[in-house]
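Just so it is clear, none of the values below were taken in a lab; they were calculated from the coordinates. Quick caveat: nothing in here was measured; it's all calculated off a predicted structure. Note that each Cβ is placed from the backbone with ideal geometry, even for glycine, and that neighbours are counted across all protein chains shown.
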Amino acid sequence: MATESTVQHRELFIGGQWRAAADNGRMDVEDPATGTVIASVASASLGDVDAAVNAAREAIAGEWGKLSGRERSRILLRVVDLMRERSEDLAQAESLDVGKPVSLARAIDVPGAIGQIEYYATLAPHLDGAVRDTEAPTFAYTRREPRGVVAAISPFNFPLILAASKIGPALAAGNTIVHKPAPQTPLSALLLAEILTDAGVPAGVFNLITGGGPEIGDALVRHPGVNMVAFTGSTTVGRIVAATAGECLKPVMVELGGNGANLVFADADLDKVVQTIVSAFVYNTGQFCMAGTRLLVERPVYDRVVDAVAGAVAAVPVGRPSDPGSVVGPLVSRAQLERVERMVDDAIASGGRAVVGGSRIELDGGYYYAPTVIAGLSNDALAIQEEVFGPVLTVQPFDTEEEAIALANSTAYGLAAGVQTRDIARAHRVTAQLEAGLLWVNTWSALDPAVPFGGVKNSGWGRESGPEALESYTRVKSVTIDLS
Ligand code: NAD
């Protein structure tokens, strides 16, 4: 098995121990590039959820709960060093599991995950409260305290980065975690559990329950021992998670789907913009929440831009994830491939025209779909209004700035949007009016652990990255002392 050398453990990780699921449940993990089984991992039962949450509670009451921010910072910096040492293992596991080109895993996923933990390691000693001026003769101050046990639930597309973007701030703030990765892609989380342990993260601070889907996720969110829920995934499931957390009165962050609009004005640098447009939707085989999947182009340059984009898309190397030259790999699963195919077929049936792509690619029995550009759709088409989550771009012309903004804001999502223009005043004016949490000007997908990440509308609420995320993983306590 190709994962033998890198992923040693395939069990649950609870209270610092690797252990089989209570009912001995197992789950197969597929290689999306071939459709074959590459690993079998433990599949958690409800009893394991309970055990993991209890272990996380005990860890708060133990050594971990007494550490200073500086001590937590030192441990997290050791995690960072070990992640760097094991970067190739992490990249290989992520590439195999998700089907993403290994070059992408090396360039984006691994450094992105390391960057998250490193950033929060540096913030851990700075969780300061404030002294407040009061009318009465009192001394009043605030303390920022950890929330307690965090349920961290993540999707299949960026398992490592999305685990790290929860582990970093949660542990920096002194919480403990029960992490549930997506059932399709558990491998890098198994490696992370090893790394965290080797770095000296005490037993029970990080617990991992693999396998299981709705039932296990729901039990974790509801568990009375969980104090906060950090969820990344689809809008459909996010709604359920937010409702359950609401019923249980738990703070919850939901980072959900998107269908980002990329606005290209006639004054943009049209040579540079083509590459920006293409990578904004083919990156990670289109399986990323902040993808720029709706291209809006000012009419005078519409034909020129669409032709250039179609040419560039046709030249994108699609191939095996292990091939260093591949830019696009397979989709994560047969179900995801069939979903993309259905959405494109529906787009064509409702009047759209595939300018390029529009079909599967047969290779090794893997789940490949050709990068696709669709023109001619009306704005209410499903492929425009919904999230496709595959390498599919729709293109629409616009005549005025107002129309471009209205089209961009016309869907229920609001995660990312971009403005491609040389006019600085327009860049500020338009970004201010776009309903999205992440805005890019003359670029797309530029991310940094210091810059808050998250959406509005059906793309969710809460922010990962930046000091904002760290605050979400804490609660404020006010202390008032009588000075009379
Ligand atoms: P999904 O919503 O199907 O699953 C996400 C996670 O939720 C998985 O671990 C799953 O097992 C778990 N889950 C399922 N039902 C649950 C329930 N009832 N209670 C608790 N947990 C439950 O998402 P997916 O298909 O794995 O990932 C794709 C989606 O994730 C896309 O919509 C994408 O846009 C979104 N996403 C968003 C961001 C962001 O930061 N905004 C980042 C990456 C992916």
- Using the per-residue mean of other Cβ atoms lying within 10 Å as a proxy for protection, in what order, highest first, do the peptides 289-295, 311-317 fall? 289-295, 311-317
- For the stretch 261-448, what number results from the quotient of the Cα radius of gyration and 2.2 N^0.38 Å? 0.97
- Looking at the square roots a ≥ b ≥ c of the eigenvalues of the Cα gyration tensor of the stretch 156-311, which shape do they give, rounded for a/c under 1.5, prolate if a/b is larger than b/c, or oblate? prolate
- Message: If you restrict to DSSP beta bridges whose two residues both lie in the stretch 261-448, what percentage is antiparallel, to the nearest 5?
- Response: 20
- Item | Whole-Å distance, taken between Cα centres, linking the stretch 80-115 and the stretch 124-190 | 23
- Average silhouette area of the stretch 75-123, convex hull of alpha-carbon atoms, in square nanometres: 3.1
- Query: Which semi-axes, in whole Å and largest first, does the equivalent ellipsoid of the chain have when worked out from the alpha carbon gyration tensor as the square roots of 5 times its eigenvalues?
  - Reply: 38, 29, 19
- Message: Using a Cα-Cα cut-off of under 14 Å, which aspartates and glutamates could be cross-linked to LYS250, ignoring same-chain neighbours fewer than 8 residues away?
- Response: ASP218
- Task: Please state the charge dipole magnitude for the stretch 121-198, taken about the Cα centre, from unit charges on C-beta atoms (+1 on K and R, -1 on D and E), reported in debye and rounded to the nearest 20.
- Result: 200
- Task: Using packing as a proxy for protection, rank 79-91, 200-212 so that the peptide with the highest average count of other Cβ atoms within 10 Å comes first.
- Result: 200-212, 79-91
- Message: Is there a quick way to get the dipole size of the chain? I mean about its Cα centre, with the Cβ of Lys and Arg at +1 and of Asp and Glu at -1; what is the value in debye to the nearest 20?
- Response: 820
- Task: Set Lys and Arg Cβ to +1 and Asp and Glu Cβ to -1, take the dipole of the stretch 261-448 about its Cα centre, and tell me which of THR293, GLY329, ALA349 lies farthest positive.
- Result: GLY329
- To the nearest 20 debye, what is the magnitude of the charge dipole of the stretch 173-291 about its Cα centre, counting +1 on the Cβ of each Lys and Arg and -1 on the Cβ of each Asp and Glu? 320
- Task: Tell me the label-point distance for the pair LYS272, ALA20, using the 7 Å Cα-to-Cβ offset, in nm and rounded to one decimal.
- Result: 5.9
- Using only helices, what value at 222 nm comes out for the chain when you add -39,500 (n - 2.57) per DSSP H run of length 4 or more and divide by the total residues, to the nearest 500 deg cm²/dmol? -11500 deg cm²/dmol
- Put +1 on the Cβ of each Lys and Arg and -1 on the Cβ of each Asp and Glu in the chain; which of PHE231, PRO125, HIS179 then has its Cα farthest toward the positive end of the dipole? PRO125
- Taking Rh as the Kirkwood radius computed over C-alpha pairs, what is the Stokes-Einstein D of the stretch 306-373 at 20 °C in a medium of viscosity 1.002 mPa s, expressed in µm² per second? 169
- Query: Among rounded, prolate and oblate, which fits the stretch 3-75 when a ≥ b ≥ c are the square roots of the eigenvalues of its C-alpha gyration tensor, a/c under 1.5 means rounded, and a/b larger than b/c means prolate?
  - Reply: oblate
- For the stretch 54-96: rounded, prolate or oblate by the Cα gyration tensor [a/c cutoff 1.5]: oblate
- Message: Normalised radius of gyration for the stretch 185-231, please: alpha carbon Rg relative to 2.2 N^0.38 Å, two decimal places.
- Response: 1.29
